[in-house]
Every structure is written in structure tokens, then in C-alpha cells.
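Reviewing the structure listed below.
The values are calculated or read from the model by the stated rules, or taken from the named source; none is laboratory data. All figures in this text were calculated on a predicted structure; none of them were measured in a lab. Heads up, the Cβs are rebuilt from the backbone with ideal geometry, glycines too, and the neighbour counts pull from every protein chain shown. These area figures cover heavy atoms from the full protein model, side chains too; ligands, DNA and RNA do not enter into them. Shrake-Rupley method; radii C 1.70, N 1.55, O 1.52, S 1.80 Å.
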Amino acid sequence: MKITFIGGGNMAVALIGGLRKQGFSAAGIQVVEPFAEAREKLTESFGVRCTGAVDAAALDCEALVLAVKPQQLREAVAPLRGKLGTQLVVSIAAGLRMADISCWLGNYSKLVRTMPNTPALIAAGITGLCADPSVDLEGRGTAEKILKAVGSTVWIAQEEQMDAVTAISGSGPADVFYFIEAMETAALKLGFDAQSARQLSVETFVGAARLAQQSSESIATLRQRVTSKGGTTEAALLSFAASNIAGAIGEGIMAAEARGRELGEILGKA
């Protein structure tokens with residue numbers, strides 16, 4: 001399989017790095033990247049072919065990964081319009097709907113829309129994928145292989161749910177950082193130095209997440225197991241409940257989902 005990336009930014013770098021670690025040949029990867037410095041770094045790091053513009057060699061591939069910012073995608077795919085035949089097009093541009101991308105490509109429909117998140121930069125991401133009905137099992141497998149290079153994947157049946165994926169896992173890392181930051185601030189107030197406050201907060205989150213990942217029990221059960229009647233954990237959780245922290249988190253996710261739908265409308269008209 002040959003893969004061409006349109007854009008050579010951080011997420012493209014992560015995907016290429018992940019593919020190379022999995023044994024994917026450098027000869028099978030190309031990158032279309034307008035900035036010479038970025039092209040040099042990509043070639044030096046991975047040994048892949050880079051070009052400043054779409055050419056015949058770049059189009060000689062089975063999959064095209066659209067890895068540019070949503071605001072730049074329409075301009076970036078303009079050179080592809082009317083030149084695609086059987087290539088699978090995989091978009092990692094947040095918010096952009098397949099109907100709009102298809103239109104910009106000249107009504108080309110062999111598309112998979114994806115939403116990776118920033119932990120993909122350390123191969124610990126989670127990506128939601130949604131395919132156009134025209135994409136067969138082989139095409140879905142190709143898209144999954146590419147995105148699994150940076151973490152796990154979840155297929156979404158209806159594209160409308162991709163805004164929810166963005167709200168939960170796309171924006172989710174920032175929500176986690178927000179909670180860790182609050183824990184770190186509290187640790188500082190309790191007298192810990194900055195290094196210890198960060199370590200205690202981050203490692204607690206990492207360990208709890210790993211335990212949840214490896215356990216077959218529900219998250220609620222895991223929480224209950226740590227919560228002794230009349231103990232310190234219960235005191236913290238009762239304080240959270242009094243402030244309706246769970247409700248605020250839910251409202252935040254709903255706000256992110258609504259904004260995702262709104263941005264999809266705006267970006268599609270750009």
C-alpha cells in the first residue's frame with residue numbers, strides 16, 4: 001500500500017512515525033507539504049518522499065490522508081479535484097463533514113472522516129472513524145490500519161455522532177488536563193513543592209486510567225471501591241456533588257458538541 005499525506009504537521013508526523021515503527025516502508029509514504037523546512041525534517045526523520053505540491057507521483061497511491069487544518073483544507077485539496085480515481089481519502093480535519101469535502105473534491109465520495117486526539121502524538125490516542133457508504137470493507141481496513149498507528153480506534157455508524165466524538169475524546173484531553181491542573185493547584189496549597197505536586201497529580205490520573213482500562217468492572221464500581229463510608233474520599237466526593245461537578249462536566253461536553261456542529265456549518269461554507 002502507498003499512502004500520501006496532504007500536510008506534514010504534527011499529526012501527520014505522528015502517523016508517519018507510527019506506521020514506520022510498525023514496519024511500514026518509507027518508500028510507500030509520500031508527503032505534500034508547502035514549507036521547505038518541514039519537508040527537510042520529514043525526509044531526515046523518516047526517509048519519505050516529500051514534495052511541495054501535488055504531482056503525478058503523489059497521486060500514485062491507494063490512500064490520501066488529509067492532514068491540514070480545517071480552515072486550510074478547501075485550498076489544500078483543490079489540486080486533487082477531478083484527479084482521483086480509486087484512492088481512499090481519509091480526513092483527520094476536525095469538524096469538516098464528508099459532504100463538504102466530497103464537494104471540494106468534485107463530488108468524490110470514497111471518504112473516511114476521522115477524529116484523532118492529541119495523545120496520538122505519543123501513540124496513545126483514540127480515534128473515531130466514520131465511512132461513506134461507498135467505502136468497502138477493504139477501504140475501512142485501510143483507514144483503520146493508518147489510524148491504529150497512533151492508538152486505538154472506534155467506528156461510528158452515523159456521521160452526526162462525530163461531533164460527539166470530538167466533544168468527548170477530541171476535546172477530552174483538555175478536560176483531563178483541567179482536572180489535573182486543579183489537583184496540582186490544590187497540592188501546592190497543601191504545601192507541596194511544584195515538582196511533587198505535579199508528580200502526585202499526574203501519576204494519580206495515569207494510574208487510575210490504567211486501572212480502569214484493565215478492569216472489567218464498571219467505572220462506578222471502581223469509584224465505589226475507593227470510597228469508604230465516612231472516609232477522606234467520601235468527603236471529597238460529597239463536596240464535588242454539592243458543587244454539581246458531574247453536571248458541569250456533562251454540560252461542558254454538550255457545549256463542545258454543539259460548537260462542533262456549529263463549526264461544521266461554518267467551515268463547510270468557507
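Jot down the radius of gyration and Dmax of region 103-228, Cα atoms only, both in angstrom.
Cα radius of gyration and Dmax of region 103-228 are 19.0, 61 Å respectively.
Take the Cα atoms of region 185-243, build their convex hull, and give its volume per residue in Å³.
It is 96 Å³ per residue.
Mind putting together the pair-distance distribution for the chain? All Cα pairs, 5 Å bins, whole percent per bin, short to long.
Histogram of Cα-Cα distances, whole percents per bin: 1, 5, 11, 15, 16, 14, 11, 9, 7, 5, 4, 2, 0, 0.
Which value, in Å to one decimal place, does the Kirkwood hydrodynamic radius take for region 73-139 when every pair of different Cα atoms is included?
12.7
Quick one: how many Å² of E40 are accessible to a 1.4 Å probe, rounded to 10?
120
In whole Å and largest first, what semi-axes does the C-alpha gyration tensor of region 12-55 yield when each eigenvalue is scaled by 5 and square-rooted?
Equivalent-ellipsoid dimensions as semi-axes: 18, 11, 8 Å.
What's the magnitude of the charge dipole for region 42-172 around its Cα centre, counting Lys and Arg as +1 and Asp and Glu as -1 at the beta-carbon? Answer in Debye, nearest 20.
Magnitude of the dipole: close to 120 debye.
For region 165-270, with all protein chains present and a 1.4 Å probe, just round the carbon and sulfur fraction of the accessible area to a whole percent.
Whole-percent figure for carbon plus sulfur exposure: 61.
Putting +1 on Lys and Arg Cβ atoms and -1 on Asp and Glu Cβ atoms, find which of A256, W155, S25 reaches farthest to the positive end of the dipole of the chain.
Final value for the positive-end residue is S25.
For the chain, what is the calculated [θ] at 222 nm in deg cm²/dmol (nearest 500), taking -39500 (n - 2.57) for each run of four or more DSSP H residues and dividing by its residue count?
-16000 deg cm²/dmol
From the C-alpha gyration tensor of region 162-270, pull out the three semi-axes of the equivalent ellipsoid (sqrt of 5λ each), sorted largest to smallest, in whole Å.
30, 18, 15
Could I get the Rg over Rh figure for region 221-270? Both from C-alpha atoms, Rh via Kirkwood, rounded to two places.
Ratio value, two decimals: 1.33.
Write down the accessible area per residue of region 206-270 in Å², having rolled a 1.4 Å probe over the full set of protein chains.
Per-residue accessible area for region 206-270 comes out at 74 Å².
Ignoring ligands, DNA and RNA, what percent of the 1.4 Å accessible area of region 1-143 is carbon and sulfur?
Reported share for carbon and sulfur atoms: 52 percent.
With a 1.4 Å probe and all protein chains left in place, how much accessible area per residue does region 55-161 have, in Å²?
Spelled out: the 1.4 Å probe surface of region 55-161, per residue, equals 45 Å².
Please work out how many pairs of lysine residues in the chain are eight or more positions apart (or on different chains) and have Cα atoms closer than 14 angstrom.
The number of close lysine pairs in the chain is 4.
Hey, got the dipole for the chain? About the Cα centre, +1 on K and R Cβ, -1 on D and E Cβ, debye to the nearest 20?
Approximately 320 debye in magnitude.
On each of the three principal axes of the Cα atoms of region 1-156, give max minus min coordinate, whole Å, ordered largest first.
37, 32, 28
Karplus couplings for region 156-168 from phi (6.51 cos²θ - 1.76 cosθ + 1.60, θ = phi - 60°), rounded to Hz, Gly and Pro as x?
Along region 156-168, the couplings run 10, 6, 10, 4, 4, 6, 5, 5, 5, 4, 4, 5, 7 Hz.
Before anything else, pin down the relative contact order of the chain: Cα pairs under 8 Å, at least 6 apart, normalised by residue count, whole percent.
15 percent.
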